[in-house]
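The values are calculated or read from the model by the stated rules, or taken from the named source; none is laboratory data. Only a predicted model underlies this, so the values are computations on that prediction, with no experimental measurement involved. Backbone-built Cβ (ideal geometry, glycine too); neighbour counts: all protein chains shown. Note: accessible area is taken over every heavy atom of the protein model, side chains too, but ligands, DNA and RNA are not part of it. Shrake-Rupley method; radii C 1.70, N 1.55, O 1.52, S 1.80 Å.
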Amino acid sequence: VIATEDNTVVNINLSGNSYNHIANSPFTVTLNAGQCYQVQSINIDTDLSGSTITANDNKKIAVFAGNICNRVPHEEEGRDHMMEQMIPTPHWGNEFIITNSLLRTSDRVRVTALNNDCEIIKDGILLTTINARETYEFEITSSSPVTYLETSEPSSVFLYSTGAWYGGMDGDPSMVIVNPLNQRINKAKFSTYYIDGSQNHFINIVTNTNNVTNIMLNDNSISNTFNIVPSNPNYS
């Protein structure tokens, strides 16, 4: 947790035990601008997904989460550091398009619910119902490489590339936020690096089907690379 203002009172309620705090026993810390506070789970089997962090007096904070050296799935070989900035709950969503990583046979998806009785619907089929702060995990594969996900309550969704040979080829795991469809943007700038072992780079782009002809990469049209999402043809 990072504070942006002095005297920021941060309220933390963990979903699992940490080294210094017990699950579901709220506590507070006070931070000044630029100061950080870190919480770490007590052991390898403790998941802190669904923990809640708020700041008093409408003061702004940034929250990051991840793992110092994780396996995905837990029992498979291949480890890497993973870290992402969390999306504030007012910007969570109900609709997501999730794409399988190219050249990978399988990825993992994790959904965390904001409220109780959250139905998770994948391609029109109800997978399960979870309550506030609970997380549900499922897998997508290259045999069905795109999924339209709906949640009846606002949710946060992460995609995890699997490690080592589990996902069909050598490689380390990684994590990325899947933005809800109401959080899309019109332009993005990004760069890639070229080193031994990281020579191929891929990007997955989701857009309205009627907007495909407008998508440009480095001023070149890439409209012929898009495919319609089978379970929701409004998107490609």
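Residue 29 sits with roughly 20 Å² accessible to a 1.4 Å probe, with DNA, RNA and ligands left out of the calculation.
Other residues with beta-carbon under 11 Å from the beta-carbon of residue 176 carry, at +1 per Lys or Arg and -1 per Asp or Glu, a net charge of -2.
Among 105, 213, 129, the residue with the largest mean-square fluctuation in a Gaussian network model of the chain, with springs joining Cα atoms closer than 10 Å, is 213.
Report the extension gain between residue 225 and residue 126 in nm, rounded to one decimal, defined as 0.36 nm multiplied by the number of residues separating them, less their alpha carbon distance.
Numbers: separation 99, 0.36 × 99 = 35.64 nm, distance 3.02 nm.
Gain on extension, residue 225 to residue 126, equals 32.6 nm.
When the surface is traced with a 1.4 Å probe over the full set of protein chains, residue 196 keeps roughly 140 Å² accessible. Per-residue accessible area (protein heavy atoms, 1.4 Å probe) orders 103, 217, 181 as 103, 217, 181, starting from the largest.
Mind ranking 170, 47, 219 by accessible surface for me, highest first, 1.4 Å probe? Walk me through the intermediate numbers first.
Details: 170 105, 47 80, 219 135 Å².
From most accessible down to least: 219, 170, 47.
Structural descriptor for the stretch 55-155: relative contact order 28 percent, calculated from alpha carbon pairs under 8 angstrom and at least 6 residues apart. Label point of residue 164 set 7 angstrom out along Cα-Cβ; within the stretch 72-91, amide nitrogens under 19 Å from it belong to 72-82.
I'd like to check one number: the per residue accessible area of the chain, probe 1.4 Å, reported in Å² as a whole number.
On the way: 14240 Å² over 236 residues.
Result: 60 Å² per residue.
The alpha-carbon of residue 59 sits under 16 angstrom from the alpha-carbons of these aspartates and glutamates, leaving out residues fewer than 8 places away in its chain: 5, 6. Round to a whole angstrom and tell me the spacing of the C-alpha centers of the stretch 82-111 and the stretch 142-214. The two parts, judged by their Cα centres, are 7 Å apart.
A simple spin-label model places the labels of residue 116 and residue 204 3.3 nm from each other, with each point 7 Å out along Cα-to-Cβ. Measuring only protein heavy atoms, the 1.4 Å probe finds residue 134 accessible over about 80 Å².
Tell me whether the stretch 142-198 comes out rounded, prolate or oblate; compute the Cα gyration tensor, take square roots of the eigenvalues as a ≥ b ≥ c, and use a/c under 1.5 as the rounded threshold.
Details: a/c = 2.48, a/b = 1.36, b/c = 1.82.
Judged from the Cα gyration tensor, the stretch 142-198 comes out oblate (a/c at least 1.5, b/c at or above a/b).
Overall, the chain carries a charge dipole of about 520 debye about its Cα centre when +1 sits on the Cβ of Lys and Arg and -1 on the Cβ of Asp and Glu, all other atoms neutral. Across the stretch 1-101, the mean sequence separation of Cα contacts (distance under 8 Å, 6 or more residues apart), normalised by length, yields a relative contact order of 27 percent. With contacts taken as Cα pairs under 8 Å at a separation of at least 6 residues, the chain carries a relative contact order of 16 percent. Considering only Cα atoms, the convex hull volume of the stretch 101-236 works out to 129 Å³ per residue. Surface composition of the stretch 1-155: carbon plus sulfur atoms contribute 48% of the solvent-accessible area (1.4 Å probe, protein chains only, all chains present). Of 199, 218, 157, which is farthest along the charge dipole of the stretch 140-227 in the positive direction, counting Lys and Arg as +1 and Asp and Glu as -1 at C-beta? Highest projection toward the positive end goes to 218.
Here, the chain is characterised by an Rg to Rh ratio of 0.98, where Rg is the alpha-carbon radius of gyration and Rh the Kirkwood radius. Mean-square fluctuations from a GNM of the chain, with a 10 angstrom spring cutoff on Cα atoms, peak among 65, 33, 188 at 188. When the square roots of the Cα gyration tensor eigenvalues are ordered a ≥ b ≥ c, the ratio a/c for the stretch 48-147 is 1.5 or more and a/b does not exceed b/c, which makes its shape oblate.
Springs between Cα atoms under 10 Å define the GNM used for the chain, and in it the highest mean-square fluctuation of 45, 117, 107 occurs at 45.
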